[in-house]
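Notes follow the structure.
The values are calculated or read from the model by the stated rules, or taken from the named source; none is laboratory data. These numbers were taken from a predicted model, which means no experiment stands behind them. Positions of Cβ are generated from backbone atoms using ideal geometry, with glycine treated the same way; all protein chains shown enter the neighbour counts. These area figures cover heavy atoms from the full protein model, side chains too; ligands, DNA and RNA do not enter into them. Shrake-Rupley method; radii C 1.70, N 1.55, O 1.52, S 1.80 Å.
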Amino acid sequence: MTEREIQRRLWITRHNSFTVLLPNYTPDGWWECDMFGVTRSGYFHEFEVKVSVADFRNDAEKRKPDYGSGVPYGQPIPEVIKHEQLAARSIKGPSMFWYCVPDG
């Protein structure tokens, strides 16, 4: 099963629960979402599609520069780790985070 097939099935089975449900969308200040949804109450959900065990394991290491950290010019820009932001319930992050994987 491919990422696109899982995204299609998510849309078919879940679109009635959301006012917006989009594949491969990047909300401002957050990470790219394999599926991004906004509930009728205005909460944002992220669905992360994983099609292999290696892909799943690598997800815990997702990093990007933290340009909003206020580091003085010329200093190294620190990195943020996605799973640390999820654990800290970052205000920019989703209210719900889901892993979606193929059967088996």
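Relative contact order, percent, of the chain when contacts are C-alpha pairs under 8 Å separated by at least 6 residues?
Working: 145 pairs, mean separation 27.0, N = 104.
For the chain, the relative contact order is 26 percent.
With labels modelled as points extended 7 Å from the Cα through the Cβ direction, what inter-label distance (nm, one decimal) is found for Leu22 paired with Thr2?
Taking the two extended label points, one gets 2.2 nm.
Starting from the Cα of Lys50, draw a straight line to each of the lysines and keep only those under 18 Å, dropping any in the same chain fewer than 8 residues away.
Leaving aside lysines fewer than 8 places away in the same chain, those within reach of Lys50 are Lys62, Lys82.
What area, in nm² and to one decimal, does the C-alpha convex hull of the chain cast on average over all directions? Display every interim value, and only then the final one.
On the way: hull surface 30.4 nm².
The orientation-averaged projected area of the Cα hull of the chain comes to 7.6 nm².
Mind checking which of Gly70, Gly37, Gly93 has the largest fluctuation in a GNM of the chain, springs on alpha carbons under 10 Å?
So, out of Gly70, Gly37, Gly93, the one fluctuating most is Gly70.
Computing the accessible area with a 1.4 Å probe over protein heavy atoms, can you report the carbon and sulfur percentage for the chain?
Values: 3780 of 7050 Å².
Carbon with sulfur: 54 percent of the solvent-accessible area.
Mind checking the per residue accessible area of the chain for me, 1.4 Å probe, whole number of Å²?
68 Å²
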